[in-house]
Amino acid sequence: MEQKTEDRQQMIREYRQMLEPLLRYLPWMEGNAGKVASRSYQGQGIGKSSMSFPVYDATLLNFIREASNSALMDRNYSYVYTRNRIKTHDDERRVIARAELKDWDVLRGILSRYVLGGRTKASLWGEAVQENIFLLVLRQMRKVVDYWDRTKR
């Protein structure tokens, strides 16, 4: 029993270590909840036949860069969506709200879908901010870690 508790505490310490750098972006996420996080580039030389591309907030790009390099990324995030039958933003929010320690990989998968998927589908980063997915995942991860972290009590 003692060993099981030690193992869980070690796991929680590792989770906290992965999560801490991303938590500094929570105030920005809260301040921009539900807002559009990108705009289309309207620079000189862009004509009607040119393809527009999104320009993102610098804080969002820093978050994406830091999250991309973290151990929280799961390149097999699509399996999380298949296994949990997640198809819509409402499904994501429902799964996030119910997530516990045993669902840590589900939270990682949802975060990874938007962070990694945004590299090839530009709208995903803005969508995650507008639909509050980044905010909800970070809050739930912090809630789980804080609940199980016995050293904080």
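The values are calculated or read from the model by the stated rules, or taken from the named source; none is laboratory data. Keep in mind that this is a model prediction, so the values were computed, not measured. All Cβ positions, glycine included, derive from the backbone under ideal geometry; neighbour counts span all protein chains shown. SASA here: full protein model, heavy atoms, side chains in, ligands and nucleic acids out. Shrake-Rupley method; radii C 1.70, N 1.55, O 1.52, S 1.80 Å.
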Report summary line: Contact list, first residue from the stretch 62-81 and under 14 Å from R119 (Cβ atoms), second anywhere and among the polar types (S, T, N, Q), beta-carbon distance below 7 Å, six or more apart or interchain, is M73/S112; Y77/S112
Query raised in the report: What is the residue count in the stretch 104-122 for residues that are in a helix (DSSP H, G or I) and open to solvent by less than 30 Å² (accessible area, probe 1.4 Å)?
Result: 11
Requested in this report: Answer yes if at least one residue in the stretch 118-132 is modelled with pLDDT of 95 or more, aromatic (F, W, Y), under 15 Å from the mean Cα position of the chain (by Cα) and over 16 Å from E14 (Cα atoms), and no otherwise.
Outcome: no
Query raised in the report: Is at least one residue of the stretch 26-45 touching a strand residue (DSSP E or B) at 6+ places or on another chain (Cβ under 9 Å) and modelled with pLDDT of 95 or more?
Result: no
Query raised in the report: Out of curiosity, is W125 open to solvent by 20 Å² or more (accessible area, probe 1.4 Å) and either in a helix (DSSP H, G or I) or of a type in the set (G, A, S) (or both)?
Result: yes
Query raised in the report: Quick one: which of D146, D90 is without any contact (Cβ under 8 Å) to a residue 12 or more places away in the chain, within 18 Å of I12 (Cα to Cα) and part of a helix (DSSP H, G or I)?
Result: D146
Query raised in the report: Pairs under 6 Å by beta carbon, first residue assigned to a helix (DSSP H, G or I) in the stretch 12-34, partner open to solvent by 40 Å² or more (accessible area, probe 1.4 Å) and of a type in the set (A, V, I, L, M), six or more apart or different chains?
Result: M18/A71
Query - Enumeration of residues in the stretch 54-65 that are within 19 Å of G31 (Cα to Cα) and exposed (fewer than 15 other Cβ atoms within 10 Å of the Cβ) - result: V55, A58, L61, N62
